[in-house]
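One structure is given here, and the rest of the page talks about it.
Any read-out appearing in this document is the output of simple, stated calculations on the displayed coordinates, not a laboratory observation. The structure presented is a predicted model; accordingly, all values stated were derived computationally and were not measured. When we count neighbours, we look across all protein chains shown, and the Cβ atoms used for this are built from the backbone with ideal geometry, even at glycine.
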Amino acid sequence: MTEFEKSIGYCFKNKKLIERALTHSSYANERGRKDNERLEFLGDSVLGLITAEYLYMRLPESHEGSLTKLRASLVCEQSLFEIAKKISLPDFILLGNGEEYTGGRQRPSVVSDAFEAVLAAIYLDAGFESAKKWLLALMQDAFSDALSGNRNRDYKTELQELIQSRHSGKLSYRVSAEHGPDHRKRFEIEVLLDRTVIGKAEGASKKEAEQSAARMAIETL
């Protein structure tokens with residue numbers, strides 16, 4: 001069993017799926033290999049189905065709008081990034097030199113895509129039920145937060161109230177970086193207390209990134 005398999009708690013029958021799932025496009029381009037983007041595409045759908053089924057079964061009185069918001073919060077980049085770090089996934093991703101030097105190993109978009117690719121690899125290797133069992137075990141804490149209502153929290157408002165209660169400065173948000181094609185843009189947001197960065201996060205939209213950055217700031221404070 002490889003170190004990666006030990007880390008994620010799953011042993012593959014088809015070892016080729018491991019390398020494919022961990023191969024970022026930057027690494028693939030440098031070495032003439034296939035990347036993990038097709039697996040990520042499949043994994044996104046598998047992830048969505050598993051989380052939708054879980055929420056549908058556990059929240060029989062919730063309407064479609066609430067379920068949609070909860071699912072979105074569970075499968076967003078920052079959520080998957082935090083889950084992936086629990087199994088040390090960033091350490092195993094194969095990155096090109098440029099992506100490595102610019103911090104790709106700790107970029108939520110890179111890590112969350114790899115996580116979805118790994119989920120797809122398990123699905124292809126062992127079937128839906130095995131993939132579901134693996135994912136639900138990893139996301140147990142996230143699902144508990146969702147069921148308790150913590151996933152719908154407005155972290156920007158909470159952070160503002162926290163700062164006001166301490167009378168300790170002025171909050172502001174700024175875009176520190178943008179990357180990716182126009183149809184798949186990623187925004188990196190910093191939240192500042194006066195001139196000090198107290199939180200930083202990335203998201204598919206500025207709003208999502210700001211909420212994630214505010215959450216990181218609350219944890220820091």
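Run the numbers on segment 155-220 and let me know its relative contact order in percent, using alpha-carbon pairs under 8 Å that are six or more apart.
So the answer I get is 30 percent.
May I ask you to evaluate 6.51 cos²θ - 1.76 cosθ + 1.60, the Karplus curve with θ = phi - 60°, for each residue of segment 106-118 and list the ³J(HN,Hα) values in order in whole Hz, giving x for glycine and proline?
These are the phi-based 3J(HN,Hα) values: 10, 8, x, 5, 5, 6, 5, 5, 5, 4, 5, 5, 5 Hz.
Using θ = phi - 60° and the Karplus relation 6.51 cos²θ - 1.76 cosθ + 1.60, list the HN-Hα couplings for segment 80-86 in order, rounded to whole Hz, with x at every Gly or Pro.
Per residue, the Karplus-derived 3J(HN,Hα) values read 5, 4, 5, 5, 4, 5, 5 Hz.
Sort 133-141, 118-126, 54-62 by packing, meaning the average of other beta carbons within 10 Å per residue, with the highest value first.
So the peptides 133-141, 118-126, 54-62, ranked by packing, come out 118-126, 133-141, 54-62.
Work out the FRET efficiency for Glu129 and Arg33 from their Cβ-Cβ distance, taking R0 = 30 Å, and round it to the nearest 0.05.
Once rounded, the FRET efficiency stands at 0.50.
Could you grab the relative contact order for segment 3-152? Cα pairs under 8 Å, six or more apart, rounded to a whole percent.
The value is 34 percent.
Extending each Cα 7 Å along its Cβ direction at Gln140 and Val197, get the distance between those two points in nm, one decimal.
Using points 7 Å along Cα→Cβ, the separation is 3.5 nm.
Got a sec to turn the phi values of segment 214-221 into Karplus ³J(HN,Hα) couplings, 6.51 cos²θ - 1.76 cosθ + 1.60 with θ = phi - 60°, whole Hz, x for Gly and Pro?
Couplings: 5, 4, 4, 5, 4, 5, 5, 6 Hz.
Stretched out fully, how many nm does the piece from Glu61 to Thr220 gain, at 0.36 nm a residue minus the Cα gap?
This chain segment gains 53.7 nm when fully extended.
Rounded to the nearest 0.05, what FRET efficiency do Lys206 and Glu19 have when you use their Cβ-Cβ distance and R0 = 35 Å?
Here the calculated transfer efficiency is 0.50.
If each residue's Cβ is checked for other Cβ atoms within 10 Å, how do Val191, Val197, Val111 rank with the fewest at the top?
If I rank by nearby Cβ atoms, fewest first, I get Val197, Val111, Val191.
Order these by the 10 Å Cβ neighbour count, fewest first: Phe41, Phe81.
Neighbour counts put them in this order, fewest first: Phe41, Phe81.
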